[in-house]
1. Using Cβ counts within 10 Å as a stand-in for footprinting exposure, how do His386, His268 rank, fewest first?
2. Could you tally the net charge around Thr87, taking each other residue with its Cβ under 15 Å from the Cβ of Thr87, Lys/Arg +1 and Asp/Glu -1?
3. Add +1 for every Lys or Arg and -1 for every Asp or Glu among the other residues with Cβ under 14 Å from the Cβ of Lys509, and state the total.
4. Before rounding to the nearest 500, sum -39500 (n - 2.57) across all DSSP H runs of length at least 4 in the chain and divide by the residue total; then give [θ] at 222 nm in deg cm²/dmol.
5. What does the extension gain come out to for His104 and Phe438, with contour length at 0.36 nm per residue minus their alpha carbon separation?
6. Tell me, what HN-Hα J-couplings in whole Hz come from the Karplus equation 6.51 cos²θ - 1.76 cosθ + 1.60 at θ = phi - 60° for each residue of segment 153-160, using x for Gly and Pro?
7. Read phi for every residue in segment 66-83 and hand back ³J(HN,Hα) as whole Hz from Karplus 6.51 cos²θ - 1.76 cosθ + 1.60, θ = phi - 60°, with x for Gly and Pro.
8. Mark the label point 7 Å from the Cα of Arg152 along Cα→Cβ and return the residues of segment 484-521 whose backbone N is within less than 19 Å of it.
Amino acid sequence: MLSLEHIGIQFGERTLFDDLCITIGAHDRLGLVGANGSGKSTLLKIIAGLNSSDTGFVHKAHFVTAGYLPQDGISTKGKTLYDEAVTAFEDILLVQEELKEVQHSLETLDPSSPEYMDTLEIFGELHHKLEELDAYRMKSKIEQVLMGLGFRTQDMQRQTDEFSGGWQMRIALAKLLLQEPNVLLLDEPTNHLDLESLQWLEEYLQHYNGAIILVSHDRAFLDGLTVKTIALSGGHFDIYNGNYSFFEKERLVRKELLINQYKNQQQHIKQTQEFIDRFRYKATKARQVQSRVKQLEKMETVELENEEDEIHFHFPQPQPSGRVAMELRSIFKSYGENCVIRNLNYKIEREDRVAVVGVNGAGKSTLARILAGVEPFDSGERVPGHNVTVSYFAQDQAEELDLSLDVLTTVESSAATETRVQLRTLLGSFLFHGDDVFKNVGVLSGGEKSRLALAKMLLQPANFLIMDEPTNHLDMRSKHVLQEALSAYDGTFFIVSHDRAFLDPLVNKVLELSPGSVKTYLGNVSEYLAKKKTERKALQPAAVPLQPEEKRKNRQEEQEKKKAAAKKIRTVKRVIEQTETDIQRLEARKTEIEAILAEPEFYKRGSDAAAITEEYALLKKKIEEAYTTWNGYSQQLALAETKD
């Protein structure tokens with residue numbers, strides 16, 4: 001359907017990627033991963049036709065449409081929310097406009113004239129065309145998508161100018177989903193979503209009738225959607241036939257194999273070079289020496305990627321607080337006539353690790369500010385616990401930075417005992433590398449300022465951390481550093497976030513905030529979502545009792561479905577078992593060959609060595625294909641067993 005052939009792009013002397021070749025099928029689900037700056041967004045723009053590559057071509061069939069959602073920067077004005085969403089149906093609007101003109105003509109023409117009959121025929125054809133375009137479901141589609149993304153019924157007639165930047169991005173996402181392009185190109189679509197709308201989007205995209213290429217730092221979102229991963233790193237790309245979790249495991253396997261290949265090749269080069277040096281000036285060995293020199297010149301050397309240092313960060317050791325870290329008593333908070341928090345009573349105890357969830361506008365950020373002591377409230381009482389020291393990270397924390405300082409000086413002002421080397425290591429984990437640490441804060445982007453503000457906050461000793469969307473501008477590696485540090489932290493924390501993979505290993509409570517009420521769930525975010533699903537099922541109305549004939553017919557249909565499902569499961573299991581047997585056989589042979597490759601004398605075998613090397617390359621391809629088959633059928637089995 002769409003293919004990239006030998007795509008390459010450079011910025012100055014830096015290569016983002018080179019000779020990139022990918023074929024995208026009609027229903028592919030691709031995750032595009034890599035560190036910030038590796039070229040993910042650039043590649044999406046090239047596929048969308050917004051940027052051109054230095055080398056190569058993008059080929060797509062004439063009927064293929066691609067829709068692109070950038071990370072930010074989109075705004076709309078001059079229409080109501082509903083009317084803006086309607087613009088996604090350009091083909092329907094054109095037919096409706098034609099229909100109006102034809103209708104006007106019918107009103108002016110003589111019903112007995114031939115022109116009237118011709119126009120009436122056109123009128124019927126246009127109605128038929130609208131039916132084919134499913135125009136009569138346009139309103140319900142618009143409402144389904146807008147409300148799924150968190151808009152309310154009363155928002156439909158609001159002017160789009162009234163919505164903030166995050167909601168503007170939701171409008172853009174809604175229009176893109178309604179247009180239903182053949183290829184969806186989504187660059188961080190979850191950044192501006194709450195947990196509820198994120199869940200809706202994930203389920204919607206799982207059933208999307210087209211291909212999806214996704215850039216996201218939300219691991220759970222990637223794992224739930226993608227079945228293939230393209231990793232960009234250091235100007236190279238690798239393709240993995242699985243989701244993000246599969247990619248992480250497989251990357252380690254490939255890295256180990258590459259290291260073995262590198263060691264074997266270096267040993268061979270060393271031995272060859274020793275032969276050349278030893279017999280370089282011996283006439284009887286001249287031909288052999290020349291042969292080995294040419295062999296080294298033609299050899300395609302195995303290169304190891306530059307390894308990023310493993311970074312670990314630990315919070316400064318705080319003084320322990322009392323048993324209760326913070327208590328809110330009968331808190332009321334309004335903005336004008338909008339009451340955000342009503343009669344809230346909530347107690348946070350020492351070592352509580354609380355995730356705060358709720359729809360946008362429920363008051364999550366307001367509650368975080370009240371807890372931090374930076375937001376006044378209308379009535380009630382905020383009672384800090386004994387010996388509690390609060391450290392607060394706000395979404396707009398970057399605005400508090402001194403723009404005249406450089407990056408390194410900014411964190412030095414908050415550091416207690418850390419050396420410059422330690423501070424530069426910490427800054428590296430938040431994507432400030434090399435001379436970036438000497439940049440003036442005033443020239444940093446919004447995302448860079450946010451990361452710097454987070455790094456600065458983490459250096460301040462505190463036993464109660466309050467964090468509002470701390471992961472918004474972090475890549476996978478930076479999130480891992482923060483997650484690891486929070487996991488080892490001895491104090492109490494309260495985090496507003498919708499990043500399930502980040503929160504799950506950390507939190508022991510989930511506070512659900514909705515307008516006018518709060519509810520606490522014990523466990524992590526995934527457990528909370530499972531409990532909410534159970535609660536929704538319990539609230540569903542009981543089914544109307546069926547008549548005996550209907551019951552018999554339903555039982556018969558159910559039995560037939562179960563038989564068909566059981567047959568499918570048996571077939572899939574047989575294929576999986578056979579594939580596992582094939583994988584074991586192939587892996588065993590691969591291990592045998594790797595042992596042969598590791599032998600110091602291996603490369604002296606001539607044609608035998610070439611045959612073994614060729615077999616080894618073929619084996620790797622077969623193993624990868626077998627794992628792809630196994631992965632696909634395993635997903636089918638899991639889906640079939642879930643339905644069963």
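1. Sorted ascending by nearby Cβ count, the order is His386, His268.
2. My count for the surroundings of Thr87 gives -1.
3. Here the count lands on -1.
4. Taking each H run of at least 4 residues, the total per residue is -15500 deg cm²/dmol.
5. Details: separation 334, 0.36 × 334 = 120.24 nm, distance 6.86 nm.
Stretched out fully, the His104 to Phe438 stretch lengthens by 113.4 nm.
6. For segment 153-160, the Karplus curve yields 4, 5, 7, 4, 9, 6, 5, 5 Hz.
7. 10, x, 10, 10, x, 5, 7, x, 9, 9, 10, 7, x, 9, 6, 4, 5, 5
8. 512-519
A short reminder: the numbers here are calculations on the coordinates, not readings from a lab. As the structure is a prediction and not an experimental result, all values here were calculated from the model. Note that we place each Cβ from the backbone using ideal geometry, even for glycine, and neighbour counts take in every protein chain shown.
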